[in-house]
Amino acid sequence: MTTDEQQLKNLYCEMWRALLAKDITTLERIHAEEFVLTHMTGMKQSREEYFRCVRDSDLNYFSEIEENIFVEVSNEHGTLTGQSLVEAAVFGGRKNTWRLQLVFDVEKRNGKWIFIRGKASTY
């Protein structure tokens, strides 16, 4: 495993720690300003809207168990696919456990990897 691949795996884990803790400061640091998340429903959220939903518990994450992380890197760009069992209550729904897959486009900026775009689905 290359250093970049390990850094991206660490980034995925850091993101989940921040989501569970509602640590918006960390989330802002690891997501590009132009970040857009596409939910499994097709709804798209800007970085600010996504973080607001996390902060306000519209997206309320309780636990995450990583099952797989796949990484592809080419120079300063890459794709990170994380598959996790996630316990969450979203947009007023009941607490449930999902097999959540997040596919991210990532980019290395100023020596650090950050999320550019994300797409959620189940696996």
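Within the stretch 22-39, whose backbone N sits under 12 Å from a point 7 Å along Cα→Cβ of Phe91?
38-39
Counting other Cβ atoms within 10 Å, which trypsin sites (Lys or Arg not before Pro) in the stretch 73-123 have at most 12 and lie in a DSSP loop?
Qualifying residues, ordered by number: Arg94, Lys95.
Applying a 10 Å radius around every beta-carbon, put 69-79, 44-54 in order of their mean neighbour count, most first.
My ranking of the peptides, most packed first, is 44-54, 69-79.
Treating cross-link reach as a plain straight distance, find the lysines whose alpha-carbon is under 25 Å from the alpha-carbon of Lys9, omitting any fewer than eight places away in the same chain.
Lys22, Lys44, Lys108, Lys112, Lys119
How much net charge surrounds Gln83 when only other residues with a Cβ under 9 Å from its Cβ are counted (Lys, Arg +1; Asp, Glu -1)?
Taking every other residue near Gln83 into account, the sum is -1.
Using a cut-off of 14 Å between beta-carbons, work out the net charge of the residues near Leu8 (Lys and Arg +1, Asp and Glu -1, Leu8 not included).
-4
Using just the helices of the chain, give the 222 nm mean residue ellipticity in deg cm²/dmol: DSSP H runs with n ≥ 4 each add -39,500 (n - 2.57), and the total is spread over all residues, rounded to 500.
Using -39500 (n - 2.57) per qualifying helix, the result is -9000 deg cm²/dmol.
Roughly what would the spin-label model give for Thr79 and Lys22, points 7 Å off Cα along C-beta, in nm?
So the two model labels end up 3.5 nm from each other.
A short reminder: the numbers here are calculations on the coordinates, not readings from a lab. Model, not experiment: these values are computed from the prediction. Note: ideal-geometry Cβ built from the backbone for every residue, glycine included; neighbour counts use all protein chains shown.
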